Amino acid sequence: MTAPVYLSNTWYAAAFSSELSATPLLRTLLGEPVALYRGSSGIAVALHDRCPHRFAPLHKGEVFGDDLRCPYHGLRFDPQGACVHNPIGEGKIPKAACARSYPLVERDGFVWMWWGDEPADESKLRRWPEFDNSERYTCVQGYVQVKGEYQLIADNLLDLSHAEFLHPYLATEGFNRRTQYSMEQQGNTVVARNWRPSEPISGLFAFAYGDDAPTHVDHLSIVKWEAPSTLRLEIGVTRPGQPPEEGPRSYQAHLITPETAHTCHYFWKWGRDFKLEDPEFSTRLQASLQTAFETEDGPMIEAQSVHMGGQPQEALKPVLLPTDSASLRARRVLQQLIDQQVVS
């Protein structure tokens, strides 16, 4: 079987910042086992999980300061992957005693890993300023490991027409008939817009308004995809005819990182500008969103993956609907970028 080719010289989500500690975390990313931990200085570290000596799993070792000690023979590796201590014999360190180190950056509550041979470029990092503004936004987050190919999740998020059928509590019956859908490409960014004027209000936004909730709202959702698999979703409602800033809105990050050719990691973070000081609502919202993917989107994507039998989507010649245009464009952009790196 041909190994998958992933987009290089770009950032992939590796973890939430809150996941890293002095206890190493094992996570397979783009087919490679990675040991992730936080050193005593507070820095986040990512090393290839295989010790170069006898190939023991480094994530089972112990953190000393900012270094990670192999659990088998005690070699210690610093955050750059260099062996800095050998407790065997006279302590001479072999020149080849090094583990691959991956550049990491922490922003907006995420740990991003640079994948590629070129120097890490922070200007390529997608940002969410809302997540750092606790005075205006409150956030919840979650993670799901999915037994499906990573682009299937991007397809799901770029085509929100499925909400009427998988998430009836988020969309009222017949809302697809009332949706004005459009798609555009801005450079390598693909944007899908869904506009629903005078749409019956959903339970979520009715709760956001409280006792003064209208029966109908103007509903706008904007999904922005960037290669390889980073999506920003904005959803907002207003009383019919009012400007967008007058109603409650959410700002979401959906980050998908391949684990293997047919499995992936899905990180999500959901910021809102309403009910800011309502921890009970935050708990209910987090549970609802996590459950939606674990019991609705996730099982459907995993079932898709099984029925696709490991074949690429284009080989199966899928029937196309109008709202497929954004996901198809995103797949095309990603493949073009991958083809360019293979040629170069």
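The values are calculated or read from the model by the stated rules, or taken from the named source; none is laboratory data. Every value quoted in this text rests on a predicted model; they were computed, and no experiment measured them. Here the Cβ positions follow ideal geometry from the backbone for every residue, glycine too, while neighbour counts run over all protein chains shown.
The table for this structure:
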{"item": "Conditions (1) among the acidic types (Asp, Glu); (2) farther than 18 Å from Arg232 by Cα; (3) in contact (Cβ under 8 Å) with a residue 60 or more places away in the chain; number of the one not met by Asp273", "result": "(2)"}
{"item": "Test: residue in the stretch 36-49 that is buried (at least 19 other Cβ atoms within 10 Å of the Cβ), farther than 23 Å from Asp108 by Cβ and assigned by TED's automatic domain parsing to the domain that holds Asp108", "result": "yes"}
{"item": "Sole residue being surrounded by fewer than 21 Cβ atoms within 10 Å (Cβ to Cβ), in contact with a Leu (Cβ under 6 Å, 6 or more places away or on another chain) and hydrophobic (A, V, I, L, M, F, W, C), chosen from Trp195, Trp225, Trp128", "result": "Trp195"}
{"item": "Breaking point among (1) out of contact with any Asp or Glu (no Cβ under 6 Å at 6 or more places or on another chain); (2) over 19 Å from Leu328 (Cβ atoms); (3) part of a strand (DSSP E or B), for Pro197", "result": "(1)"}
{"item": "Which listed residue is surrounded by 12 or more Cβ atoms within 10 Å (Cβ to Cβ) and in a helix (DSSP H, G or I), from Asp339, Asp297", "result": "Asp297"}
{"item": "One residue from Arg127, Arg136 being under 13 Å from the mean Cα position of the chain (by Cα) and charged (D, E, K, R)", "result": "Arg127"}
{"item": "Residue within the stretch 311-324 that is more than 21 Å from Gln145 (Cα to Cα), in a helix (DSSP H, G or I), modelled with pLDDT of 95 or more and not hydroxyl-bearing (Ser, Thr, Tyr) present", "result": "yes"}
{"item": "Which numbered condition Ala96 misses (of (1) among the aliphatic types (A, V, I, L, M); (2) more than 19 Å from Leu29 (Cα to Cα); (3) surrounded by 11 or more Cβ atoms within 10 Å (Cβ to Cβ))", "result": "(3)"}
{"item": "Residue satisfying condition, being over 30 Å from Trp115 (Cα atoms), among the β-branched types (Val, Ile, Thr) and either in a strand (DSSP E or B) or out of contact with any strand residue (DSSP E or B) (no Cβ under 6 Å at 6 or more places or on another chain) (or both), within set Val191, Val223, Val217", "result": "Val217"}
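To keep it simple, each residue is scored yes or no on (1) free of Cβ contacts under 8 Å to residues at least 40 places away in the same chain; (2) under 17 Å from Tyr251 (Cα atoms).
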| residue | (1), (2) |
| --- | --- |
| Asp132 | yes, yes |
| Leu160 | no, yes |
| Ala163 | yes, no |
| Gln180 | yes, no |
| Pro200 | yes, no |
